[in-house]
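Enquirer: Take this structure, written in structure tokens, and hold onto it; I'll ask about it next.
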Amino acid sequence: MTLRIYNTLTRKKEDFVPLAPPAVNMYVCGITPYDESHVGHGRAYVVFDTIRRYLEYCGFRVKYVQNVTDVDDKIINKSRELGIDSSVLATKFTQSFLDEMDKLNVKRADIYPKATEHIPEMIRWISGLVERGIAYQLADGVYFSVEKFPGYGQLSHRKPADNEAGARVGVDSAKKNPFDFALWKTAKAGEPSWESPWGLGRPGWHIECSAMSTKYLGEQFDIHGGGMDLEFPHHENELAQTEALTGKRPWVKYWLHNGFVTINKQKMSKSLGNFFTLKDIFSKFDPMVVRFFFLLTHYRSPINYSDSEIIAAGEGLNKIKQFISEIEFLIEHSTHEAPPLEVADMEEELTAFRDKFRAAMDDDFNTAGALAAIFELMKYCRQALAEGEREAGCLRLMRDVVVELTSVLGINLGSGKSQVVSGELIEELIDRRMSAKKDKDYKKADEIRQQLLQMGIIIEDTPQGTRWKTQT
RNA sequence: GGCGCGGUACCCAAGCGGCUAAGGGAACUGUCUGCAAAACAGUCAUUCGGCGGUUCGAAUCCGCCCCGCGCCUCCA
């Protein structure tokens, strides 16, 4: 079974064949750090992190680059508002973003290039485009001429002519075509600016991605990702600039776009004001539950955010955690090893579920299907447990496969025993409750249960003794 | 106006031409239990927005219609 990926460029699922396997170079559009990150950012980066993890699981060596747009209108306005330097603002929110990503168990990118640290590269790019007559200069900056690039529209499948009827584009009459976009913006008073052949100014938004992605990943690379809203105009423009200058096609082999997080079915965005920051959400919910919630839906579909859906997702995740802690408890209390032959049998049984997991992921990263495979795997294991499977080798295998598959999805199950109170105290109370139970002093036993509950500990009696876990 | 996505049980959500329409949550019944909890067993869509069509066969393909959403302006 080969990995198939939906490519926005062709609007089809295609077999994934990287340019130079096992290397896979991927670039994902990052944030503009002028405010706290919201749930939509969380979903986007969890999606691409999961894709990256799966590619690595398949044996690819992934180089992952994610830019930081640290100079643009929003940053300039916000820093002016706050009376601080734009670089201070950008640094602050970049850090805050990385902290939130850590909580979501998003692996760090290999490189986080910043726009402001690549001005010379961008100037070179713009110069190149001007020299070739693809870009032209106006009073307020340098523009890319979409008419000079016949391939314009190939990604978003729209032709400049199509949109004229909409009349919502460009009021800038000086531009030759309403779709022409700024490569360089002439500085206005008080803005951060850099020297260039076109005077003081700053780069336009799109050029940074062309300059930085190709600098770190080469003039052609495998995967370029981002939110659906970036497809047009951002990615279309990036593509136009890059192919116009390098002449190499395709610049990017696979374009991936994730669906939005919605609130009451409407896109969550800063401009609509209907967004939740990750900080808000994490004050109410475990970030791992939020990640799990995202993965319950295919990455290209919209996902509607609501507290009740997060809670429902939390119950599902809990089931997996419960399974692991139960297995671990049984391993601790297991008295004998399994014969190798039996372990081999178990291995074979479990492989069927691993295959199912992979088949789902191979089909355009169907995480919902992959999760279903994990639940089915657990169901199988539980039945074996119910039939009396107690041999350590088999138990370990069950645990290992579940942990293996969940970790491919970046779901960290934790140790399950990260409590504040000491384990000794808990064990002590459990022992006392056990003796109370032996004496049929159920009143006292229940009191101890209550006491533990107040410490956030839930206990469960099993034939192998009493287990405990922290309240969630 | 142009381009595009989606409507599957009470909720979420896979499936995209043919095995009994995955899986999760909620609910209900039973087993187990001092009580719990967890787990296990069972129940929960003769049907996939509607109407036609293609086909031996359609949730899956085609047409029309209804509804919801996105992009075309900064946006993950």
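The values are calculated or read from the model by the stated rules, or taken from the named source; none is laboratory data. These figures come from a predicted structure and were not determined experimentally. As a convention, Cβ positions derive from the backbone with ideal geometry for all residues, glycine included, and neighbour counts pool all protein chains shown. Each accessible area value is taken on the protein alone, full model and side chains, heavy atoms only, with ligands, DNA and RNA left out. Shrake-Rupley method; radii C 1.70, N 1.55, O 1.52, S 1.80 Å.
Enquirer: Non-local amide H neighbours of A:TYR254 (under 5 Å, H modeled in plane, Pro and chain starts lacking H): which ones?
Expert: A:ILE223, A:HIS224
Enquirer: Also, quick follow-up: Mind giving me the FRET efficiency for A:ASP345 and A:ASP229? R0 is 56 Å, r the Cβ-Cβ distance, nearest 0.05 is fine.
Expert: 0.65
Enquirer: In addition: Per residue, how big is the convex hull around the C-alpha atoms of chain A? Give it to me in cubic angstrom, could you? Could the numbers behind the result be given before it?
Expert: Working: hull volume 78.4 nm³, N = 472.
It comes to 166 Å³ per residue, whole-number rounded.
Enquirer: Once fully extended, how much extra length lies between A:ASP431 and A:ALA23, figured as 0.36 nm per residue of separation less the alpha-carbon to alpha-carbon distance?
Expert: 141.4 nm
Enquirer: Something else now. Over what distance in Å are the Cα centres of segment A:121-146 and segment A:303-353 separated?
Expert: 57
Enquirer: For segment A:313-408, state what percent of all Cα-Cα pairs lands in each successive 5 Å bin, counting from 0 Å until the bin that includes the largest distance.
Expert: It works out to 3, 13, 24, 25, 18, 10, 5, 2, 0, in whole percents.
Enquirer: Determine ³J(HN,Hα), in whole Hz, for all residues of segment A:240-251 in sequence, where each value follows from phi through the Karplus function 6.51 cos²θ - 1.76 cosθ + 1.60 and θ = phi - 60°; x replaces Gly and Pro.
Expert: Ordered by residue, 3J(HN,Hα) equals 4, 4, 5, 5, 5, 7, 7, x, 9, 10, x, 4 Hz.
Enquirer: Collect residues whose amide H, placed 1.01 Å from N in the peptide plane, falls under 5 Å from the amide H of A:ASN7; neighbours closer than 5 in sequence don't count.
Expert: For A:ASN7, whose amide H was placed from the backbone, the distant partners under 5 Å are A:LYS12, A:LYS13, A:GLU14.
Enquirer: Determine ³J(HN,Hα), in whole Hz, for all residues of segment A:84-89 in sequence, where each value follows from phi through the Karplus function 6.51 cos²θ - 1.76 cosθ + 1.60 and θ = phi - 60°; x replaces Gly and Pro.
Expert: Result, ordered by residue: 10, 6, 4, 6, 5, 4 Hz.
Enquirer: Mind pulling up the Rg/Rh value for segment A:339-390? Radius of gyration and Kirkwood radius, both on Cα. Don't jump to the answer; show the numbers that get you there.
Expert: Details: Rg = 12.6 Å, Rh = 11.7 Å.
The Rg/Rh ratio comes out at 1.08.
Enquirer: Also, quick follow-up: Taking the simple approach of a point 7 Å from Cα along Cα-to-Cβ for both A:ALA352 and A:LYS188, what is their distance in nm?
Expert: 6.6
Enquirer: Quote the accessible area belonging to A:MET228 in square angstrom, nearest 10, computed with a 1.4 Å probe and with ligands, DNA and RNA left uncounted.
Expert: 70
Enquirer: Once you place label points 7 Å from the Cα toward the Cβ at A:ASN318 and A:LYS12, how far apart are they in nm?
Expert: A separation of 4.7 nm, rounded to one decimal place.
Enquirer: Starting from the Cα-Cα distance between A:ASP85 and A:SER407, subtract it from 0.36 nm times their residue separation and give me the gain in nm to one decimal.
Expert: That works out to 111.9 nm of additional length.
Enquirer: Once the Cβ-Cβ distance between A:GLN451 and A:ILE311 is put in as r, and R0 is 22 Å, what FRET efficiency do you end up with, to the nearest 0.05?
Expert: Between A:GLN451 and A:ILE311 the formula returns 0.25.
Enquirer: Also, I was wondering about something else. Could you calculate the FRET efficiency of A:GLU337 with A:THR246 from 1/(1 + (r/R0)^6), where r is the beta carbon distance between them and R0 is 56 Å, rounded to 0.05?
Expert: 0.40
Enquirer: Express the accessible area of segment A:345-472 per residue in Å², computed with a 1.4 Å probe while the remaining protein chains stay in the model.
Expert: 51
Enquirer: Something else now. Over all Cα pairs of segment A:319-472, how is the pair count split among 5 Å bins, expressed in % and running from 0 up to the last occupied bin?
Expert: Histogramming segment A:319-472 at 5 Å steps yields 2, 8, 16, 17, 16, 14, 12, 8, 5, 2, 1, 0 percent.
Enquirer: While we're looking at this one, here's another question. Taking the alpha carbon gyration tensor of segment A:423-470, what are the square roots of 5 times its eigenvalues, largest first, to the nearest whole Å?
Expert: One finds semi-axes of 16, 12, 9 Å for segment A:423-470.
Enquirer: Right, something else. Can you give me the % of accessible surface on chain A that is carbon or sulfur? Probe 1.4 Å, all protein chains present, nothing else counted.
Expert: On chain A, the fraction of accessible area on carbon and sulfur atoms equals 52 percent.
Enquirer: Let me ask another. If you roll a 1.4 Å probe over the heavy atoms of the protein chains, what accessible area per residue do you get for segment A:1-123, in Å²?
Expert: 40
Enquirer: At 7 Å along the Cα-to-beta-carbon direction for both A:LEU200 and A:TYR57, put a label point, then send me their distance in nm to one decimal.
Expert: Modelled inter-label distance: 5.3 nm.
Enquirer: Okay, next question. Distance from the Cα centre of segment A:212-264 to that of segment A:1-54, in angstrom?
Expert: 10
Enquirer: Quick check: net charge around A:ASP307, other residues with Cβ under 15 Å of its Cβ, Lys/Arg +1 and Asp/Glu -1?
Expert: So the environment of A:ASP307 carries a net charge of -3.
Enquirer: What does DSSP give for chain A in terms of the percent of beta bridges that are antiparallel, rounded to the nearest 5?
Expert: Beta bridges within chain A, antiparallel portion: roughly 55 percent.
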